Structures are given as structure tokens and as C-alpha cells.
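Input: a single structure, listed below in C-alpha cells.
Nothing in this text is a laboratory measurement; each read-out follows from the coordinates by a stated rule. Just so it is clear, the structure is predicted and the values come from calculations on it, not from any experiment. Cβ coordinates were reconstructed from backbone atoms using ideal geometry, including for glycine residues, and neighbour counts include every protein chain displayed.
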Amino acid sequence: MTTVLIVDDDKTLQLALTRRLEAQGFEVINAASGQEALHLLNTRSADVVLSDILMPGMDGFEFCRQVRACPSGQVIPFIFLSSLGDVNDRVQGHLIGADDYLVKPFHAQELIAKVKGNVARLQRLQGSLKSLSAEPVAAKDTLPEALSGAELKVFWQVIQGFTNKEIANHLFLSPRTVQTHLSNILAKLGLKNRSQLVKYAFENGYTAPEYTQA
């Protein structure tokens, strides 16, 4: 089931959107601020994020920046729902990393269409990555020399598709430590995000199963 995270301090709007989305077969989780949403994403995964901009504490713009700064948040569909309708606000939202921007008040039917469209786009992207991974490659017995032993363990876990939380459990590390290792791996290999790392691994034949265990 597709999970939608609604981030908005307007409880009435939260309830209305939750009912509409659940009626369409989505699972819905809610947060009242960007900070609360980040804490929630540490324990729950979401397939789509719908976020207000004007909220107490961390606003929607900063929340979007932090989501996009995390490798696991690079490709998640992110849609702003805001009363800020000025073109400069919409442009800023897109430049920060939002996939879409709806100005309040909006029609629920349009929102649902945008959610479904973004989910379908993500599924196509994931399908392309799976097709790439299915292509035969010659497995290498050598390892990326620039990586430390701890980074190599995280490297093999990441290319198998595990989340930071799952990797932390597998390797008996904290999620923060896993993220630190992942950031170092990306920097050393000259890559920008988790998707590029997976592509790099398959293109270079790093598929040897004996190295995938902690």
C-alpha cells in the first residue's frame, strides 16, 4: 500500500485530506511541522510527501531541503500545499526540490491526480533501475580501494537496497553512523546520491555475494 505523509498544522485540512486519500486506497500518516515529520521519517517510510510551507518551528521549505539532503529522500515525490501563491514562492519551492506545488484552496481531485501521477513516475524510475540491475555483468572480486572496511560493509548493504535503518540493525550501528559512512562513500566515489551508487555498483560489476554480509 502506498503511504502518504501529510505535513500541515491545520488539523481540519489534515483530516479532510486523510479521508479523501484513504478512500482512494492510500495509507496516511500525519505531522504538524517539518521537525515532527523528520522524526516520523526516522521510524516510518513514506512514498509521497504533501507539505504546507507556513508552519510553526521548521517551515516547509527547510523541511524539503532536509528531506532532499538525505540519500533516502532524493527521489521521494514531494508536493507543496500552500496558501503562498506568488510565482516567486512557487519557483522557490521547485528549486528547493519539490516535484509539484498546489496553491490553497485546491480541489481534492486535482491533488489525488498529482499524487497518483508522482507515484506512477517513481514506479517507472524504479522499474528502470531494476532493468539495469537485471542486465548481466561480470562480478568483480576486487573492492573499491578508496573505501574503509566499515564503509565497504555499508556499501554492500546499500547496493542490495536496504534502508539506513535496516543497515543499522544488520551492522549493529546507529542510523547516524550509517549515514556518515554513506556520505563518505558518495564523496570518495564522486557520486551524488544513493541511486547513483546503485547504478555505479552494477555498472562496475560489484555483485560478489561473499562480500554482502556484515
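Summary table
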quantity	calculated
Expected 222 nm ellipticity per residue - DSSP helices of 4 or more, -39500 (n - 2.57), all of the chain, to 500	-16500 deg cm²/dmol
Distance cut-off 28 Å, percentage of C-alpha pairs in the chain lying past it	35 percent
Between helix 108-134 and the chain: long-axis angle, C-alpha atoms, 0 to 90°, nearest 10	10 degrees
Degrees between helix 175-189 axis and first principal axis of the chain (Cα, 0 to 90, nearest 10)	70 degrees
Residue order, fewest to most surrounding Cβ atoms within 10 angstrom, among Ser82, Ser72	Ser72, Ser82
Cα-projected label distance for Arg65 with Leu125, points at 7 Å along beta-carbon direction, nm	2.1 nm
Computed over segment 149-211, Kirkwood Rh from alpha-carbon pairs, angstrom	11.6 Å
Pairs from Lys11/Lys114; Lys116/Lys192; Lys104/Lys165; Lys165/Lys192; Lys11/Lys153; Lys116/Lys165 whose Cα-Cα separation, in the structure shown, is over 32 Å	Lys104/Lys165; Lys11/Lys153
Longest DSSP-loop-exposure-free segment, trypsin sites (Lys or Arg not before Pro), the chain, at most 15 other Cβ within 10 Å	45-139
